[in-house]
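Just below is one structure, and these are the notes that go with it.
The values are calculated or read from the model by the stated rules, or taken from the named source; none is laboratory data. Model, not experiment: these values are computed from the prediction. Using ideal geometry, Cβ is built from the backbone for each residue, glycine included, and neighbour counts are taken over all protein chains shown. Please note that ligands, DNA and RNA were not included when accessible areas were found on the heavy atoms of the full protein model with its side chains. Shrake-Rupley method; radii C 1.70, N 1.55, O 1.52, S 1.80 Å.
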Amino acid sequence: MEHIDIEKGTVCPSPELSAYIDGELSRRDELELEQHVSGCRTCTDDLNLQKSFLNALDYSLDEKNEIDLPCDFTRAVVANAESRVSGLRRPHERRNAAFICVALIMFSLFALGSSSEIALAGTVAIFEKVLAVVLSAGHLVYDVALGSAIIFRTLSSKALLDSGTSVLVFLALFVLSLCLFSRLAVRFRRT
């Protein structure tokens with residue numbers, strides 16, 4: 001950030017202070033900066049602040065101040081972390097993960113701004129196609145169930161008029177078909 005010296009009407013060379021500390025200025029630029037700093041209180045304060053920050057940083061990174069870690073420190077940290085991680089074992093963790101994913105998607109949509117429509121056009125097209133396939137499969141299941149119900153109703157009404165034994169046969173076939181259908185549904189869910 002540049003400061004303006006109101007009395008002299010000059011711009012203070014604040015960005016050059018870090019280059020001066022690092023020794024990156026030419027000899028002529030260094031002399032000009034030293035002359036300026038000797039007469040500018042703001043630049044003097046900035047220079048002293050940067051020097052004290054670098055001294056504190058050097059002191060904190062000094063080898064004498066290192067902390068001695070136990071030889072099995074890494075293994076202990078990994079074992080502790082693995083024992084505390086439950087993954088997605090609890091139902092609320094899955095809900096939290098889904099919430100975080102939705103929040104990240106919403107954030108990325110806001111970050112994209114007006115170009116989000118272009119960026120998501122492919123995703124929307126894929127979603128529409130998957131939805132069409134799912135709806136078609138749903139209609140197929142509905143049509144098969146409706147046809148089966150009509151056929152069963154027709155056969156059962158005819159069987160009721162003919163004999164009592166055929167009603168039991170059709171009822172047994174209906175229960176058997178329900179059992180087989182439920183097993184098929186369970187296998188379909190597993191895959």
- Working only within the range 18-28, note down all residues that are under 49 Å from the mean Cα position of the chain (by Cα) and in a helix (DSSP H, G or I). 18, 19, 20, 21, 22
- Note on the structure: Of the listed residues (108, 157), the one being in a helix (DSSP H, G or I), over 29 Å from the mean Cα position of the chain (by Cα) and not aliphatic (A, V, I, L, M) is 157
- Inspect the range 119-133 for any residue being open to solvent by 60 Å² or more (accessible area, probe 1.4 Å), modelled with pLDDT of 85 or more, assigned to a helix (DSSP H, G or I) and within 30 Å of residue 174 (Cα to Cα) and give the result as yes or no. yes
- Task: For residue 148, work out the one condition from (1) part of a helix (DSSP H, G or I); (2) among the polar types (S, T, N, Q); (3) at pLDDT below 80 it doesn't fulfil.
- Result: (3)
- Query: Say we look at the range 170-191 and pick out the residues that are of a type in the set (Phe, Trp, Tyr) and either surrounded by 10 or more Cβ atoms within 10 Å (Cβ to Cβ) or at pLDDT 80 or above (or both); which of these is farthest from residue 138 (Cα to Cα)?
  - Reply: 170
